[in-house]
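Following: one structure in structure tokens, then a few remarks.
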Amino acid sequence: MKSLSDVHVGETAVVVKILGEGALRRRLLDMGITKGVKVLIRKLAPLGDPMQIHVRGYELSLRQSEAERIVVEE
């Protein structure tokens, strides 16, 4: 399985699972990143962190460390 950080700009992926627990997991779920949702990678910052994604009709920025906890399939 791939993490969201492995997906390239312009590609779409479907969230399979969010790894971890606690505050970070709760924060990702509250932002709408849940199992089965489609995520489009819009842009990456010049050094690759953060990344801008499109999820559920809005734009969201994620750190590389947060994106690594999101398991996706293309």
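The values are calculated or read from the model by the stated rules, or taken from the named source; none is laboratory data. Owing to the predicted nature of the structure, the values given are computational and were not obtained by experimental measurement. Don't worry about glycine lacking a Cβ; one is built from the backbone with ideal geometry, like all the others, and counts go over all protein chains shown. All accessible areas refer to the heavy atoms of the entire protein, side chains included, with ligands and DNA or RNA removed. Shrake-Rupley method; radii C 1.70, N 1.55, O 1.52, S 1.80 Å.
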key: region 46-60 - residue that is in contact (Cβ under 8 Å) with a residue 24 or more places away in the chain and closer than 17 Å to residue 8 by Cβ and, of those, surrounded by the fewest Cβ atoms within 10 Å (Cβ to Cβ)   = 55
ask   = On the given criteria, is residue 39 out of contact with any Pro (no Cβ under 7 Å at 6 or more places or on another chain) and loosely packed, with under 14 Cβ neighbours inside 10 Å?
value = no
ask   = Hey, residue 33 hits all of (1) of a type outside the set (S, T, N, Q); (2) under 19 Å from residue 1 (Cα atoms); (3) surrounded by fewer than 16 Cβ atoms within 10 Å (Cβ to Cβ) but one; which does it fall short on?
value = (3)
ask   = From the residues in region 6-17 that are open to solvent by 30 Å² or more (accessible area, probe 1.4 Å) and not basic (Lys, Arg), which one is nearest to residue 45 (Cα to Cα)?
value = 9
query = Pairs, please: C-beta under 6 Å, at least 6 apart or cross-chain, first residue in contact (Cβ under 8 Å) with a residue 12 or more places away in the chain and in region 61-74, second open to solvent by 100 Å² or more (accessible area, probe 1.4 Å)?
reply = 71/1; 71/17
query = Residues of region 18-30 being open to solvent by less than 100 Å² (accessible area, probe 1.4 Å) and either in contact with a helix residue (DSSP H, G or I) (Cβ under 6 Å, 6 or more places away or on another chain) or not in a helix (DSSP H, G or I) (or both), which ones?
reply = 18, 19, 20, 22
ask   = Just for region 1-40: of the residues that are in contact (Cβ under 8 Å) with a residue 40 or more places away in the chain and small (Gly, Ala, Ser), which one is farthest from residue 60 (Cα to Cα)?
value = 20
